[in-house]
Amino acid sequence: MLSTDFQFFAPTALDEALALLHEHQDGGKVLSGGMSMMPAINLGVLRPTAIVSLNHVPGLDGLEDAGDHLRIGGLVRHHVVQSDPLVRAHAPLLAQAASVIADVQVRHRGTIGGSVAHADPSADYLPVLVALDATVELASASGTRDVRAREFFVDVMMTALALDEIVVGLRVPKVPAEGGSAYVRLARVEGSFAIACAAAVAVGDRVSLGVGGAVPTPVHLDVTCDGSEASLDAAAEAAFQACEDAYGDLNGSAEYRRAMARVYARRAIQQALAARG
Amino acid sequence: MSYVGQSIPMLTNAQLVAGKGTFTDDVQLPGMTFMAVLRSPYAHARIRSIDTAAAEALPGVLAVVTGQEILENTNPIPETYDTAAVGARGVEWYSLCIDRARYVGEAVAAVVAEDRFAAYEALDLIEVDYEELPAVTDPVAAMEEGSPLVEPSWGTNVMASRDIRLGDPDAAFAEADGVVEGVVSSARITGAAIEPRGCVASWDPYKEILTFWDSTQAPHAVRMYLAKTLGMADTSIRVIQPHVGGAFGLKLPTFQEEPLCAYMAMKLGRPVKWIETRAENLLVGGHARDTSFRYQAAYRSDGELIGIRLDVIADIGVPSALCGWGMSFVTWYCLPCVYKCQNSETHLRSVVTNKCPWNAYRGYGKDAASLLMERIMDHIARETGLDRTEVRFRNFVQPDEFPYSQVSGAMLDSGNYPGALRKVMDMIGYEDFPALKEQALAEGRRIGLGIAMELTPEGCSMPGSLMLNGTDSTEVRVTPNGNVIVLTGVTSPGSGNETGIAQIVADGLGCDIARISVVQGDTESCPWGFGNYSSRSIIIGGSAAGVAAKDINDKMRKVAAGMLEIAEDDLDQVDEAFVVRGAAERRVEFADVAREVYSNPHGKNMEGIEPMLQSVRQWKQGNVYHQPEKQGRFSAYPSWPYGAAAAIVEVDPESGHVRILRYCLVEDAGTIVNPLLADANLHGGIAQGIGGAMYEQIAYDEAGQSLTATFMDYTLPTAVELPTLELGHQATPAPFTPLGTKGVGESGVGGALGALCSAIEDALPEIDMQLTALPLSPSRIWAAIQDARAREGAPA
């Protein structure tokens, strides 16, 4: 229940939005889809003094083919990521990840930029973005900068974002035509947060692996895997070792989550290898 | 034609599907104010002082109330389940904590403001000086010497206990071929109704009437309890139950907020609305089922169960005025459910802890009893090598043994347990399953089949209770225009009993159901009654309705015979007309007879007949035994529906993830008034059963803080997790109700618990995995697999 006064801004230009955010960086919050922020406000765990909505800022919801990568605006909604032909053709694992986020209503409101900025450890995009070596484009009143996804996530719901910065977009490298990819997750029910999830991009016998859900921030690993049982086991074991700071909660102990990181990493690699063109 | 037995769509469908129902939060009154409740952040704390000045100074705030004012101006909330009558300990529970808060969420203070935003904002401005006290959250620890006491004046945390020996358990264990022993526990859960609780109170100082809209199940009981709590005449209170978005027992009175809201409305002279948030509902809306069992079962080599020794521990949270803790007694009382076992020794401990109190929840303890017995049956099958169904067939109460006197004193009314099990085995393809399983294994898929019985006694009637009561009343009125109003003492939480009762009345009157309007949930217009719980609305309210309709029909037949100038014996009723037998063209219409009654009371057709067409009739259940000294037994339940469930699951042994592939239930609820609505109730019951079996759990940390404040943490199954539910019916009419109805509101819950445990174990027969704790979450199943493999020395 939102019970305290706050200021609400709905700027219609990016520089205006960034200026407002700079002015209100102490206690201000950015609103895009609001799918994580509004529940937090309603539960009383978040009490912003100002809310700057990006929803009327033009140019943040583009999705285009930029040669060797896709450029996806921060305000692109999950259902677009899920269904866009460019994403499905060039980063199918990203579309797969988008398609299993929460439910239909959430996917029509929630944004990829918002999810990345919120950095929930169980968010579906995170292992995909580190597996693909995506770049996060940030902007503030004082300029723009790029951060690799592999360096962007710092801790549970903590990122490289400064208080007055927003995620304006992502550059997502394409999966090569001869490569294959997969995204797999374990969750208790449809739409609930992943206990463990894994993304894999395979080119030849080189696999770029992202593991999420089990750990505070997504884990990235480059492994070599020829598809043999022994090589799959070795890759899965590497994922297991990399998840030593797995955390536990009601849905699974740390021990369980770490074990699931092994199981789902193996499955993602196996499926990515099988999907090679 | 007869309406009873027809699948008539629910009469409220059009209104509810259009979103045009009136739920409590839809009630809007001029000058409405809003109440918010400050809740204890501690599991146990002394309240040293409360400073309300800053909250009162906030613009829009009308009043802040604390425990001291409540103590001075109101009475304790009456118990709905008389603790003294059953030798249990009780407490004086007020609408606000007086000097001590006993669980996280207990109501400490309340604010009424012009709108809900100001009310919630003011909560943050109330300064409470708490002295934190030691809390206990584990029921076993709560029974140990030196444990913190939830109620220091008791000197113990055991609220109620039962130590009962039936037959000769020592001899049974001595002569047994084998004994199995183990533990079983079911998690703390809640009902998660789509509409949380809420109420609106409005005081008219001139009429001196308090009107109280409440998302409740029992308006008349609420009226009586409010009157007692507020110290006023119950006739000065009108309780209206608007549409209710699910109740499941958890909306049985009386919670702290109900009298609190009424008190504030009377104090301020303004209408007050209180609407619970989802987080509050999970925290304070009533919990259930948190029960653990330690069992020993003695058996013969042919699978016959000959003795049970049992320790039952129910973690009932803090003591309150709610009736939920009685579930722990019902669990014991149902044993050994559908089986025969004359020798038992039971030790039941209903233990208080610093957690949310139990309130009634669908299943009311019967679910836990079924879980235990089905786990024991599977355990005996595992030890003897007999088929799981064979052990059950060996132990069933047989169809020719009804009415069956169970060891607890319960008188099981009727049934055919082996028939139901055979039927569900046919539905699921029990005989062919091994081949299916083999084939799945060849594809790398692990599937398993489980079965379980459930026993779900209904129509609860407790001596001395003004809520759990085996009587009810219904009024039927036929208007001069030939339309029919039915006013019931029972209510509907959305389950459709108004439709079933209309069917019963239409049959009784011989009229079209379109003539019938049903009015429920208003103490001003409806006759005295106890509302809905324990599946009583059709079996008690419906029976009263049938009797009242017959009164009116008897009178209309006499008048119709007069109008047709024939003897009543020569009269037939066909399609809304009273006709001369054998000469159907000589007829008078239903509406014409109604008009004749009202318009010619002094005419020849009404000679010697009481005027008007109105009848209020009461129904008292048979097969209830409240006089043990005379009747030789005590039994609170007249009606004993049961079911047989079968499930097929696929288990991912690497992750412990389970998918339910098929789910079948054969249910015997006696005569079914409306198959469509009975099935709809079963769908909900099975879904809640599966939820409790596999997903749901209210969790606390050791300090008594809730870990399940939202649906992100309290995991509920969605439509995706539920398979198509396959239902079969078997109807053994109840001998003690006029139509043979038994009640279907709680069926489907209990069987899910055992069936899913059984199915998951069956999927991995190569390992000796025993599932002993609910919910069957992937992590728990994975851990059980690891344990079993470790025990066998196999690599994990």
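The values are calculated or read from the model by the stated rules, or taken from the named source; none is laboratory data. Every value quoted in this text rests on a predicted model; they were computed, and no experiment measured them. Here the Cβ positions follow ideal geometry from the backbone for every residue, glycine too, while neighbour counts run over all protein chains shown.
Restricting the search to the range B:502-521, which residues are more than 11 Å from residue B:11 (Cα to Cα) and surrounded by 18 or more Cβ atoms within 10 Å (Cβ to Cβ)?
B:504, B:505, B:506, B:507, B:508, B:509, B:510, B:511, B:515, B:520, B:521
Looking for whichever is part of a loop (DSSP other than H, G, I, E, B), under 21 Å from the mean Cα position of the chain (by Cα) and surrounded by fewer than 18 Cβ atoms within 10 Å (Cβ to Cβ) here; the options are B:722, B:716. Which one fits?
Matching residue, one of B:722, B:716: B:716.
For a quick check of your reading of the model, give me the residue pairs whose first member lies in the range B:768-786 and is closer than 17 Å to residue A:250 by Cβ and within 14 Å of chain A (Cβ to nearest Cβ), whose second is acidic (Asp, Glu) and assigned to a loop (DSSP other than H, G, I, E, B), with beta-carbon atoms closer than 8 Å and at least 6 apart or on different chains.
Within 8 Å, the pairs are B:775/B:696.
Return the residue satisfying two criteria in turn: it lies in the range B:372-400 and is among the acidic types (Asp, Glu) and touching a residue at least 24 places away in the same chain (Cβ under 8 Å), and of such residues it is surrounded by the fewest Cβ atoms within 10 Å (Cβ to Cβ).
So the residue we want is B:390.
Which residue, of B:726, B:766, B:746, is charged (D, E, K, R) and within 20 Å of residue B:423 (Cα to Cα)?
After applying the criteria, what remains is B:726.
The rows are residues; the columns are (1) farther than 30 Å from residue B:557 by Cα; (2) small (Gly, Ala, Ser).
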| site | (1), (2) |
| --- | --- |
| B:427 | yes, no |
| B:430 | yes, no |
| B:450 | yes, yes |
| B:460 | yes, no |
| B:469 | yes, no |
| B:478 | no, no |
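Per-residue answers, yes or no, for (1) closer than 28 Å to residue A:39 by Cα; (2) of a type outside the set (D, E, K, R):
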{"position": "B:252", "(1), (2)": "no, yes"}
{"position": "B:261", "(1), (2)": "yes, yes"}
{"position": "B:266", "(1), (2)": "no, yes"}
{"position": "B:269", "(1), (2)": "no, yes"}
{"position": "B:276", "(1), (2)": "yes, no"}
{"position": "B:283", "(1), (2)": "yes, yes"}
{"position": "B:297", "(1), (2)": "no, yes"}
{"position": "B:305", "(1), (2)": "no, yes"}
{"position": "B:311", "(1), (2)": "no, no"}
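Using the structure shown, decide if residue A:83 is of a type outside the set (Asp, Glu) and in contact (Cβ under 8 Å) with a residue 60 or more places away in the chain.
No; evaluated as a whole, the condition is false for this residue.
All but one of (1) in contact (Cβ under 8 Å) with a residue 40 or more places away in the chain; (2) more than 14 Å from chain B (Cβ to nearest Cβ); (3) of a type in the set (S, T, N, Q) hold for residue A:270; state the number of the condition that does not hold.
The one condition residue A:270 does not meet is (2).
Could you give me the residue pairs with C-beta distances under 7 Å whose first residue belongs to the range B:23-48 and is farther than 17 Å from residue B:210 by Cβ, whose second residue is loosely packed, with under 15 Cβ neighbours inside 10 Å and of a type in the set (A, V, I, L, M) wherever it lies, and which are 6+ apart or on separate chains?
B:43/B:703
Considering only residues that are small (Gly, Ala, Ser) and assigned to a loop (DSSP other than H, G, I, E, B), which ones fall in the range B:138-152?
B:146, B:147 - these are the residues of the range B:138-152 that are small (Gly, Ala, Ser) and assigned to a loop (DSSP other than H, G, I, E, B).
I need the full set of residues from the range A:221-259 which are outside any strand (DSSP E or B), of a type in the set (A, V, I, L, M) and either in contact with a strand residue (DSSP E or B) (Cβ under 9 Å, 6 or more places away or on another chain) or within 14 Å of chain B (Cβ to nearest Cβ) (or both), in order please.
Result: A:232, A:234, A:235, A:236, A:238, A:239, A:242, A:246, A:250, A:254, A:259.
Looking at the range B:738-758, can you tell me whether even one residue there is away from every other protein chain (no Cβ under 14 Å), touching a residue at least 12 places away in the same chain (Cβ under 8 Å) and over 24 Å from the mean Cα position of the chain (by Cα)?
Scanning the range B:738-758, I find at least one residue that is away from every other protein chain (no Cβ under 14 Å), touching a residue at least 12 places away in the same chain (Cβ under 8 Å) and over 24 Å from the mean Cα position of the chain (by Cα), so the answer is yes.
Could you identify the single residue in B:465, B:461 that is touching an Asp or Glu at 6+ places or on another chain (Cβ under 8 Å), hydroxyl-bearing (Ser, Thr, Tyr) and either part of a loop (DSSP other than H, G, I, E, B) or modelled with pLDDT under 95 (or both)?
Only one candidate passes the filter, namely B:465.
Among the listed residues B:182, B:191, identify the single one that is outside any helix (DSSP H, G or I), among the small types (Gly, Ala, Ser) and either touching a His at 6+ places or on another chain (Cβ under 7 Å) or surrounded by fewer than 18 Cβ atoms within 10 Å (Cβ to Cβ) (or both).
B:182
Quickly run through the range B:710-737 and pick out the residues that are of a type in the set (A, V, I, L, M) and either over 30 Å from residue B:413 (Cα atoms) or within 14 Å of chain A (Cβ to nearest Cβ) (or both).
B:712, B:716, B:719, B:720, B:722
Residues in the range A:59-74: is at least one outside any loop (DSSP other than H, G, I, E, B), within 14 Å of chain B (Cβ to nearest Cβ) and within 20 Å of the chain's Cα centre (by Cα)?
Taking every residue of the range A:59-74 in turn, none turns out to be outside any loop (DSSP other than H, G, I, E, B), within 14 Å of chain B (Cβ to nearest Cβ) and within 20 Å of the chain's Cα centre (by Cα).
Among the candidates A:178, A:190, which residue alone is among the acidic types (Asp, Glu), assigned to a loop (DSSP other than H, G, I, E, B), away from chain B (no Cβ under 14 Å) and at negative phi?
On inspection, the qualifying residue turns out to be A:178.
Which residues, counting only those in the range B:102-117, are more than 8 Å from chain A (Cβ to nearest Cβ) and closer than 18 Å to residue B:270 by Cα?
Residues satisfying the conditions are B:110, B:111, B:112, B:113, B:114, B:115.
Could you list all residues from the range B:617-655 that are within 14 Å of another protein chain (Cβ to nearest Cβ) and of a type in the set (Val, Ile, Thr)?
Hit for the range B:617-655 is B:651, nothing else.
From the set of residues in the range B:628-670 that are part of a strand (DSSP E or B) and charged (D, E, K, R), which is farthest from the chain's Cα centre (by Cα)?
The qualifying residue farthest from the chain's Cα centre (by Cα) is B:652.
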